[in-house]
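Engineer: Mind having a look at this structure? Questions to follow.
The values are calculated or read from the model by the stated rules, or taken from the named source; none is laboratory data. Worth saying up front: this structure is predicted, and the values here are computed from it rather than measured. We place every Cβ from the backbone using ideal geometry, glycine too, and count neighbours over all the protein chains shown. The accessibility values were calculated without ligands, DNA or RNA, using every heavy atom of the protein model including side chains. Shrake-Rupley method; radii C 1.70, N 1.55, O 1.52, S 1.80 Å.
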Amino acid sequence: MKDFTCIHFPLLAIVLIFFCLLPFLVHQSHSRITLQHENAIAETRQLFQHTIDLRHAIASFSYETAFNIPRIQQLLWEHSRGERLAEAVRRELASEAQSIYRSLQRMGFDHLYFHDRDGTVVLRMHAPHAFGDNQQHSRAMIAAMVEKPVALSGFEGGQMTTGLRFLFPLFHQGVHVGSVEVASSSASLSREFSATLSSASYHFLVPRAAVKARVSASDFRRNYGESLMCPEFVIESALTSPDERGQLADLERALAKQRSFDCSVLMGPEPGATVLRWQEHNYQVLALPVRDFADTTIAHLVVYRKAPVIGQIKRSFWLAFTGLGVVTTLAVIFVILRIHHRLTLEQQLQQKIVLEEQREQQARDLESKNRTLERAQDELVQKTIELERSNYYKSEFLANMSHELRTPLNSILLLSSLLMRSEAEFRPEEVEKFKVIHICGKELLTMIDEVLDFSRLESGRVELHLEPLHTSFLVDFLRSKYHYEASEKGLELVVEDQWQGSMITDSKRLLQILQNLIVNGLKFTRAGHVSLRIQPSGRADLPLSFTVCDTGIGIEQAKRQVIFEAFTQADGSISREFKGTGLGLAISRNLAVLLGGTLTLQSSEMGKGSCFELLLPQESTLPD
Ligand code: ADP
């Protein structure tokens, strides 16, 4: 939930700001347009009113100076009383009003009427022959004057074509005797409007029903046109701005097609305004209600004026809207990128934490393994120490035991040898038994020596005595020692020295190894020969090679490694036939290592013989 809020809040805020600012922009733009409309309406109304006021001033001035005079009052009074002939009164009225009528005509007032107090026409200056008809039944203004003799002015409903009318009461000695009426013609009014509304087109729209009720069909066709935007209205042809190119009709048509246009809204009791886009221009369409003398709306003055400022307002709205949109889009993109960046960082952080935890776990595991290892090592060291100690005790025991065995054994050997030599005192079979005792004692002594040797080597208590030694000494010694034994067994002993040089070594130990090998060779060979060859090995580190070969029983493949282990023999039956302890090769290999060399079984073939090779350095060194 927290993540959701964190991620979406900035986005929601931006979108919210956008949707808050948008109505503000729309309202701002709308207010500016409304203000423009209000200004235009005020200006147009002022100009319209100014024209009417000017007409009113002229009419009033004429009334004050030329009509509301005693002579005219007198004539109408006489006419009302029937004291004089109507014809005579009319003639005199016409003569009185002649000059002012001409003046009024020049100023655009083409109608001048005199009515009696019942509303009956006494004189029409523009048509002197038409008189005597009572107007109060057809004209509300006349009826109102009959009802209440006060000055009245304005257009008459359904009869705007007849112009703007001004009606003044006339009194004689305080008695209402009639009225005078002047009317400014539509043509002159139109001229006046055109002059004042020079930058705009206009026409007057009157309700079709009102006109139809007041004018004849022929007058209707002559004086009125159809309205394209409001079918319920007709256009006063005489009160229309000059429109040579038929532009007004086009504007009306365009307005009628405009989606948002509603005639009833524009043509209401209050001034209305709307915007019209036509031929790349913006127009303000203003509708000002025109009221009659009784303040009843009888028509609408509709004005079309170019309004470039509307275009500017619209442009600035779209500019602000686009700007807002771009800023919002950029902000949204920015926020999304930030969120994406933050999520990536969080993921990386998460991964880092996981890795860190894994690393810590690994470190802990490693540490625990190390501890286990250390413990095992400690145990191993402890065990080694114990082993060394027990080995030491064992060797000590063996050494002591061997030593203790040697003393009685030496006595047995000495005594048996003495008894053997006293042949005169004993019978031959007794002497033979003494010999057996002597031989067995010697074998036992050899065995004890081997065990002692091995235990000393095992416990590392064998000391080397290094000295120069010539191979010829070895050759001579071994040849003389084993020549007799070999020939007794019917074997040939071959000793070859291809080295014939000196070396530094422990001669006693070297001889022990070689004797061991030769004795084994003689022991396990029934026919053939046993040979010792001393020659260069070809190796730089161990240049001296001593090879002892025989033509004996050979060693089976599986036993070639184990024969170097202590107390191990190739075959159990061997020990019975050839005797031995199984320690000779183990002691020899240990001694070879002690001298810095190696002892290996080079080759062996069952029934054909074996070859052992001892490799030694030319100069042995004391072990550390
Ligand atoms: P031992 O000779 O006292 O038994 P060694 O350690 O000298 O002990 O020899 C171990 C075994 O290796 C012998 O018992 C024998 O089986 C085998 N062996 C040693 N030398 C030879 C050889 N030259 N020919 C055949 N077998 C041999």
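Engineer: Just for the stretch 379-532, what percent of DSSP beta bridges are antiparallel, to the closest 5? Before the final figure, lay out the partial values.
Structural biologist: Numbers: 4 of 8 bridges.
Once the DSSP bridges in the stretch 379-532 are tallied, antiparallel ones form about 50 percent.
Engineer: Here is a further query. So if we plug the beta-carbon distance of Ala209 and Ala42 into 1/(1 + (r/R0)^6) with R0 = 25 Å, what FRET efficiency do we get, rounded to 0.05? Don't skip to the answer; put the middle values down first.
Structural biologist: Values: r = 30 Å, r/R0 = 1.22.
Efficiency computed from Cβ-Cβ geometry: 0.25.
Engineer: Here's a follow-up. Mean 1/r over all different Cα pairs, inverted: what Kirkwood radius does the stretch 580-624 give, in Å? Could the numbers behind the result be given before it?
Structural biologist: On the way: mean 1/r = 0.0842 Å⁻¹.
Its Kirkwood hydrodynamic radius stands at 11.9 Å.
Engineer: Next question. Please tell me the relative contact order of the stretch 478-563 in percent, rounded to the nearest whole number, where contacts are Cα pairs under 8 Å and at least six residues apart.
Structural biologist: Values: 105 pairs, mean separation 24.8, N = 86.
Worked out over the stretch 478-563, it gives 29 percent.
Engineer: Can I ask one more? Taking Lys257 as the anchor, which lysines have their alpha carbon closer than 19 Å to its alpha carbon, excluding any fewer than eight residues away along the same chain?
Structural biologist: In chain and number order, the partners are Lys306.
Engineer: Taking the square root of 5 times each eigenvalue of the Cα gyration tensor, what semi-axes in Å does the equivalent ellipsoid of the stretch 443-563 have, largest first? Intermediate results must be reported in sequence, preceding the final value.
Structural biologist: On the way: eigenvalues 103, 88, 52 Å².
Calculated on Cα positions only, the semi-axes equal 23, 21, 16 Å.
Engineer: Quick check on packing: order 358-371, 332-345 by the mean number of other C-beta atoms within 10 Å, highest mean leading.
Structural biologist: 332-345, 358-371
Engineer: If I histogram all Cα-Cα distances within the chain using bins 10 Å wide from 0, what percent of pairs lands in each bin?
Structural biologist: With a bin width of 10 Å, the distribution comes to 3, 10, 12, 9, 6, 4, 3, 3, 3, 3, 3, 3, 4, 5, 6, 6, 6, 5, 3, 2, 1, 0, 0.
Engineer: Would you tally the net charge around Glu78, using a Cβ to Cβ cut-off of less than 10 Å, leaving Glu78 out, and scoring K and R as +1, D and E as -1?
Structural biologist: Values: positive: Arg81, Arg84; negative: Glu83, Glu92.
Cβ neighbours under 10 Å give a net charge of 0.
Engineer: Between Val327 and Ala127, what is the spin-label point distance in nm, taking each point 7 Å from the Cα along the Cα→C-beta axis?
Structural biologist: It is 7.0 nm.
Engineer: Here is a follow-up. Which chymotrypsin sites (Phe, Trp or Tyr not before Pro) in the stretch 1-103 pass both tests, a DSSP loop state and at most 14 other beta-carbon atoms within 10 Å? Please list the in-between numbers first.
Structural biologist: Details: sites: Phe4, Phe18, Phe19, Phe24, Phe48, Phe61, Tyr63, Phe67, Trp77, Tyr101; in loops: none.
Passing sites in the stretch 1-103 do not exist.
Engineer: Between the DSSP loop rule and a limit of at most 16 other Cβ atoms within 10 Å, which GluC sites (Glu not before Pro) in the stretch 245-354 are left? Before the final figure, lay out each step's value.
Structural biologist: Details: sites: Glu252, Glu280, Glu346; in loops: Glu280.
Taking the stretch 245-354 and a limit of 16 other Cβ atoms within 10 Å, the loop GluC sites (Glu not before Pro) found are Glu280.
Engineer: Net charge around Asn391, counting only other residues with Cβ within less than 13 Å of its Cβ (Lys, Arg = +1; Asp, Glu = -1)? Intermediate values should be presented prior to the final figure.
Structural biologist: Numbers: positive: Lys383, Arg389, Lys394, Arg456, Arg461; negative: Glu386, Glu388, Glu396, Glu458.
Around Asn391, the surrounding residues sum to +1.
Engineer: Helix-only estimate, please: 222 nm mean residue ellipticity of the chain, summing -39500 (n - 2.57) across DSSP H runs of length 4 or more and dividing by its residues, to the nearest 500. Provide the component values of the computation, followed by the final result.
Structural biologist: Numbers: 15 runs with 340 residues, N = 624.
Mean residue ellipticity, 222 nm, calculated: -19000 deg cm²/dmol.
Engineer: Can you give the extra length, in nm with one decimal, that the chain gains between Leu387 and Asp118 once fully stretched, where that is 0.36 nm per residue apart less the Cα-Cα distance? It would help to have the intermediate numbers written out before the result.
Structural biologist: Numbers: separation 269, 0.36 × 269 = 96.84 nm, distance 15.82 nm.
Stretched fully, the Leu387-Asp118 segment lengthens by 81.0 nm.
Engineer: A further question on this structure: At a probe radius of 1.4 Å, what is the per-residue accessible area of Leu373, in Å² to the nearest 10?
Structural biologist: For Leu373, solvent-accessible area is about 110 Å².
Engineer: Could you pull out every one of the aspartates and glutamates with an alpha carbon less than 18 Å from that of Lys489, ignoring same-chain neighbours closer than 8 positions?
Structural biologist: Asp550, Glu577
Engineer: Compute the long axis of helix 2-62 from its Cα atoms, compare it with the longest principal axis of the Cα atoms of the chain, and write down the angle in degrees, 0 to 90, nearest 10.
Structural biologist: Around 10 degrees separate the two axes.
Engineer: By a straight-distance test (C-alpha under 16 Å), which aspartates and glutamates pair with Lys481 as possible cross-link partners, with residues fewer than eight away in the same chain excluded?
Structural biologist: Partners found: Glu492, Glu496.
Engineer: Something else: Are there trypsin sites (Lys or Arg not before Pro) in the stretch 255-327 that DSSP puts in a loop and that have at most 12 other Cβ atoms within 10 Å, and which ones?
Structural biologist: Values: sites: Lys257, Arg259, Arg277, Arg291, Arg305, Lys306, Lys314, Arg315; in loops: Arg259.
Within the stretch 255-327, the qualifying trypsin sites (Lys or Arg not before Pro) (loop, at most 12 other Cβ atoms within 10 Å) are Arg259.
Engineer: Still on this structure, please answer the following. Helix 86-106 versus the longest principal axis of the chain: what angle, 0 to 90°, nearest 10, using Cα atoms?
Structural biologist: Roughly 40 degrees between the two axes.
Engineer: Mind scanning Lys508/Lys608; Lys369/Lys394; Lys435/Lys608; Lys442/Lys508 and naming the pairs with a C-alpha gap bigger than 24 Å?
Structural biologist: Working: Lys508/Lys608 31 Å; Lys369/Lys394 35 Å; Lys435/Lys608 35 Å; Lys442/Lys508 20 Å.
Lys508/Lys608; Lys369/Lys394; Lys435/Lys608, as the Cα separations exceed 24 Å there.
Engineer: Based on the Cα atoms of the stretch 62-210, what semi-axes does the equivalent ellipsoid have, where each is the square root of 5 times one gyration tensor eigenvalue, given in whole Å with the largest first? Spell out each step's value before the answer.
Structural biologist: Working: eigenvalues 166, 59, 34 Å².
Result for the stretch 62-210: semi-axes of 29, 17, 13 Å.
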